[in-house]
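Read the structure below first, then the notes.
The values are calculated or read from the model by the stated rules, or taken from the named source; none is laboratory data. The shown structure was predicted, so the numbers you read here are calculated from the model rather than taken from an experiment. Backbone-built Cβ (ideal geometry, glycine too); neighbour counts: all protein chains shown. These area figures cover heavy atoms from the full protein model, side chains too; ligands, DNA and RNA do not enter into them. Shrake-Rupley method; radii C 1.70, N 1.55, O 1.52, S 1.80 Å.
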Amino acid sequence: MAQSSDKGSAKNTDLYVEQFERFAPQAGVPPWLFPLRKAGIARFAELGFPTLQDEDWRFTNIAPLANLPFKPSLQYIRNGLTVENVTAFAFGRLQSIRLVFVNGHYAADLSNTARVPAGIHVKSLAEAIKSDPSLVEKHLARYASTETNAFAALNTAFFQDGAFIHVPEGKSLDVPVHLLFISSSKENGATSHPRNLIVAEKGSRLTVLEHYVSTADAATFTNAVTELVLDNDAVVEHGKFQDQSLQSFHIAAIHAHLGPSCNLISHSIATGARLSRNNIRTNLAGEGVECVLNGLYLTKDDQLADHHMVVEHAQPHCNSHEYYNGILDGRSKGVFHGRILVRQAAQKTDAKQTNKNLLLSENATADTKPQLEIYADDVKCTHGATVGQLNEESIFYLRARGIGKETARRMLIHSCAGEIIERIRHKPAREELDQIVWERLEANPLVAANQPATGSAH
């Protein structure tokens, strides 16, 4: 089998195709799904793994991932997990509807769906394919493009389960839906392909917390795809918290199709994985859309966290704002690539994009590439990016007001994280993430002061 490198373009896909030929006949899918799977593996074989020669991947070397043995997790194995284990994770004690997945498979005995109101669907995708086939077929794989994304194509070929959420017209969920994905394998190369489909119909309301964790330190691979569909006037808050083992690899795609006058705020908080990449695509397909993409990455040691997004304005009178901050330590690396695409029809667009990177060590690096691609002439679009260590002028300003140097440094570092966390609308989730981020920062001797913490990250 060919070996992928950071210089070459070896496709390294033979083993994946062979595994698919064994997997597909046993997948037990309805007739309409098999052609999607077949097209997915064909597209993956054609594209191969991206290399540093691919413009969209030139800052992110995935050779260590491509060279892993491919061992798809095809069966549910509980691995001794209990409900007590689940509640010990972040959001575990939150009042919520909870779906738990272990290595990509739904764990009904660890989940809690008692709070699901009548008429609203919150269930595993595998179950929904059987119970609501027409609704799933209408939306599944219609928004997450596999044309240029080899990992989304691979997910389409191999996914077995994930979450299905459908909120009908005018309905609301008063508690958040917590989607907990646990990677428990101790085997290098163990791979799961979670697939989530979230449909919010006209005037509906929903909060979703998508959460990835590990219970073992192994070089596992999570390859997730989430499709979000918002109809007219729907309001959705979506949060993704990736906190997996520092030996693992995490690639995710989030694709959102946004109808007229809907409101989406989506957060990406990345603290885990040796290498993580979030490919985010939003299509503002109706007039009057409000869209906020909000992200924070905390990295240390040799971690790499990559956010790559395209925000497409296809219709007029839409607003989008992207805010991504990174705090990087050790030899870690942050990558941000954000493109705002404004189609000719999208007059009166208001789009803003900012990326701030705070380097806590001399060996940490950040590569940032904000872009504007505008084909309309009546728009307001701005973008900006910063990379550097703490601003000495800001430290001087605080010291001039009687604040000690170390406390001033600490305040500025926490505020970099806090301005992202404070945009989370769901208060209990915001407070929990605020505390987690505070504790992670305080664990760094470059951040923590001699005195105990006395405030929040913001």
**Fill in**
Going through (1) without any contact (Cβ under 8 Å) to a residue 40 or more places away in the chain; (2) in a strand (DSSP E or B) one by one, residue 203 fails only at (2)
**Complete:** In region 311-361, anything in a strand (DSSP E or B), in contact with a Gly (Cβ under 6 Å, 6 or more places away or on another chain) and open to solvent by 40 Å² or more (accessible area, probe 1.4 Å) is listed as 354
**Item:** Filter result (in contact (Cβ under 8 Å) with a residue 40 or more places away in the chain and either open to solvent by 60 Å² or more (accessible area, probe 1.4 Å) or not in a strand (DSSP E or B) (or both)) within region 362-375
**Value:** 364
**Fill in**
Among 103, 67, 79, the single one that is polar (S, T, N, Q), over 24 Å from residue 173 (Cβ atoms) and out of contact with any strand residue (DSSP E or B) (no Cβ under 8 Å at 6 or more places or on another chain) is 67
**Prompt:** Taking region 108-125 on its own, how many of its residues are free of Cβ contacts under 8 Å to residues at least 40 places away in the same chain and among the small types (Gly, Ala, Ser)?
**Reply:** 4
**The one condition in (1) more than 20 Å from residue 249 (Cβ to Cβ); (2) in contact (Cβ under 8 Å) with a residue 40 or more places away in the chain that residue 69 fails to fulfil** = (1)
**Request:** Residue by residue through region 361-386, note down the ones that are closer than 24 Å to residue 330 by Cα and either at pLDDT below 90 or of a type in the set (S, T, N, Q) (or both).
**Result:** 361, 363, 365, 368, 386
**Message:** Just to check your reading of the model, which residue among 277, 281 is open to solvent by less than 10 Å² (accessible area, probe 1.4 Å) and in a strand (DSSP E or B)?
**Reply:** 277
